[in-house]
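Worksheet: the structure to be examined is printed underneath.
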Amino acid sequence: MTDDKLGNFYLLSFPLFFLIHTRRIEMNIEIPNEKLFDKDIESIFENPNIQGRGDNYFREAIRYFHWPYGEVHQESLKSGDFHKNLRRLTISMLYTNSQDYVNKIIWSNFEDWIKSRESLIFTSNLFIEIRPLIISIFFELLFDQKISSAQLRIYNEAIANMHNTMKGIALRSKKVRVKMYEDIQQQLKNINQLQVFKSAKLQDIPQETLAKHIGGVFFHTGVVQTTEFITHTLVEIYRNQEIKDNLRQFIQQSSPVISWEVIEQYKYLDYILNESLRLFPLFGKTDRQVTKSLTIKDILLKEGSIIYLNFSLIHKLHWNEPDSFNPSRWGKNQTQIDSPKLSKAQFIPFGIGSRKCPAETFTYNMTKVIVFTIFKRINLSIPSNFIHTRRIPRGVPIVFSLNDDSRQLYSDEESVLNLENKLLISLENRHSLSYEVDELAGLSILGTFTKIINNLKYYGISNFSAFSPLITRIQIWFIFQIKQIQKFRN
Ligand code: HEM
């Protein structure tokens, strides 16, 4: 049979192809496990024969969620020159500006964000509030200009669609995403004048690839990760009186305009961020594919096997009361009691090895300023029955109000407090505040069905989007199979 006919034969018999294909992947394992501990993670993640990427269902799904940026999405690219160039570009774009310059942009966008609030007290959702703020900051950092309200609407809609598709509560909409992509291409027309590109070596990168790279890395990954990180952190801060007292004490002792140097020295804020990432690591799992069979600790890993790294599990292994949010455990004395010496692989929210996150320092610094600025100006009340899980599928319901200085704007403070309580009770009475589903848009069969059931509970049987995890899963499966056939025919 010719290759062509063989390809057609497989095309007509998807199920058979699926069986043959899955048999080729000899073994998938998850670490840490009883044989491979966190001590082994470093050597596995640096092993040149375990650097494969982009050739499995998990990565195909990530690419699908990141459409139209998926094909050049840095996280899913195979290691090699193309990936190396894009990684270099990301780093130079993230670290071109001084911290003071970045902070100035954060503060000015924060002011605009506050001014754009229609009311000084209202119910909302933390994702919906935080996401546009982060978009406007990234936009100005990259394109040296403020985002217009029309552009913000386009970017927000596109990124919300990506965020919700990944969470399995929406279907992918090409229409809303294309608008953002077109705008990014438009912005890149002024590339020679843009600050962040001045130090970047762009000669080998076509404009279209550059637009996709920026859309995928900065607006998809960057905005979504930062929004989630800040959301998790704020939930824990505002729900914990001791943490709030500590932060308030620091603010009261400092001068009204707090400099970056002062924020940087306030170590308790680092402990809060560490604890947030320890308990709510944004990556539940990542994967690497074995490119050449090898044996590690008498486990034979055949070519094609996939190794999953479970971040949540690692982050809970070495602590007393691992499920409680306790920033003080990161202080010197506490760390000695809780975890005598953390090795490199025991706290890895930004990954490990040559493919670790290039934005670690940038994200920490940016988040510190944003969290601090929000805490100083805003009061957030979170319903007591909200269940805080790592994936928070539908964001966090909140009562949003301005605090301290801003409160003086009201003539009658008493009535504000009453209103806040009333709004909070109305949120608490709404059904189903969050569901625990620890699956990427239901990529496993169990995850898919759990999501459908949760969506049905939330949206009701009549809503089509309740079935979005199933539809998404079927679409990804078909795309993956077609790519495998194409590969086979080549
Ligand atoms: C709290 C926020 C963030 C967390 C927890 C985080 C976490 C991670 C992790 C764990 C990886 C490694 C994945 C792996 O090993 O397979 C990664 C990779 C990556 N992250 Fe982040 N990230 C965050 C924010 C950001 C931001 C703000 C950006 C960009 C502006 C970014 C861009 C990237 C890129 C491009 C990669 C791929 C690196 C490569 O393969 O070369 N991340 N991130």
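Here, each number is a calculation from the coordinates, and none is a lab measurement. For clarity, every value in this text was computed on a predicted model and none was experimentally measured. Methodologically, a virtual Cβ is constructed for each residue, glycine included, from the backbone with ideal geometry; neighbour enumeration extends over all protein chains shown.
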Fill in: For the chain, size of Cβ-based charge dipole, Lys and Arg +1, Asp and Glu -1, in debye
1360
Item to complete: Report ³J(HN,Hα) in whole Hz for each residue of region 293-300, in order, from the Karplus equation J = 6.51 cos²θ - 1.76 cosθ + 1.60 where θ = phi - 60°; Gly and Pro get x.
Response: 3, 7, 10, 10, 6, 6, 9, 7
Worksheet entry | Filter on Lys84/Lys212; Lys115/Lys368; Lys78/Lys175 - keep pairs with C-alpha separation over 26 Å | Lys78/Lys175
Item to complete: Project the alpha carbons of region 114-266 onto their principal axes and report the range along each, largest first, in whole Å.
Response: 51, 39, 26
Discussion item. What does the net charge come to around Ile44 if you take all other residues with beta carbon closer than 11 Å to its beta carbon, with K and R at +1 and D and E at -1?
Written reply: -1
Practice prompt. Starting from the amide H of Leu402, placed 1.01 Å from N in the peptide plane, find each other amide H under 5 Å away whose residue is 5 or more places distant or on another chain.
Written response: Asn379
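For the chain, take N as its residue count and report Rg(C-alpha) divided by 2.2 N^0.38 Å.
Against the compact-globule rule of thumb, the ratio is 1.02.
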Worksheet item: Residue separation times 0.36 nm, minus the C-alpha to C-alpha distance between Trp477 and Ser98: what's the value?
Response: 132.0 nm
Worksheet item: Tell me, what ³J(HN,Hα) does each residue in region 201-212 have, in order and in whole Hz, if you take phi through Karplus 6.51 cos²θ - 1.76 cosθ + 1.60 with θ = phi - 60° and put x for Gly and Pro?
Response: 8, 10, 4, 8, 10, x, 4, 5, 5, 4, 4, 5
Worksheet item: So who's got an amide H within less than 5 Å of the one on Glu30, skipping anything under 5 residues away but keeping other chains? H placed 1.01 Å off N, in plane.
Response: Tyr308
Practice prompt. Enumerate the calculated ³J(HN,Hα) couplings along region 222-234 in order (Karplus 6.51 cos²θ - 1.76 cosθ + 1.60, θ = phi - 60°), each rounded to whole Hz, writing x wherever the residue is Gly or Pro.
Written response: x, 5, 5, 5, 5, 4, 5, 4, 5, 4, 4, 5, 5
Worksheet item: What shape does region 69-144 take by its C-alpha gyration tensor, where a ≥ b ≥ c are the square roots of the eigenvalues and a/c under 1.5 counts as rounded, a/b above b/c as prolate, and the rest as oblate?
Response: oblate
Worksheet item: Once you put a point 7 Å from the Cα of Glu30 and another 7 Å from the Cα of Ile91, both along the Cβ direction, what distance in nm separates them?
Response: 3.2
Discussion item. Using the Kirkwood radius over C-alpha pairs as Rh, can you work out the diffusion coefficient of region 281-392 via Stokes-Einstein at 25 °C, viscosity 0.890 mPa s, in µm² per second?
Written reply: 140
Practice prompt. With everything on Cα atoms, drop me the angle between helix 14-24 and the longest principal axis of the chain, reported from 0 to 90° to the nearest 10.
Written response: 90
Worksheet entry | MRE, 222 nm, helices only [DSSP H, n ≥ 4, -39500 (n - 2.57), over the chain, to nearest 500] | -17000 deg cm²/dmol
Worksheet item: Between Leu419 and Glu303, what is the spin-label point distance in nm, taking each point 7 Å from the Cα along the Cα→C-beta axis?
Response: 6.8
Fill in: Between helix 149-166 and the chain: long-axis angle, C-alpha atoms, 0 to 90°, nearest 10
50
Worksheet entry | Difference of contour (0.36 nm per residue) and Cα-Cα distance, Asn429 to Leu294 | 43.0 nm
Item to complete: Taking the chain as the reference, fit the longest principal axis to its C-alpha atoms, fit the long axis of helix 445-459 to the helix C-alpha atoms, and give the angle between the two in degrees, 0 to 90, nearest 10.
Response: 40
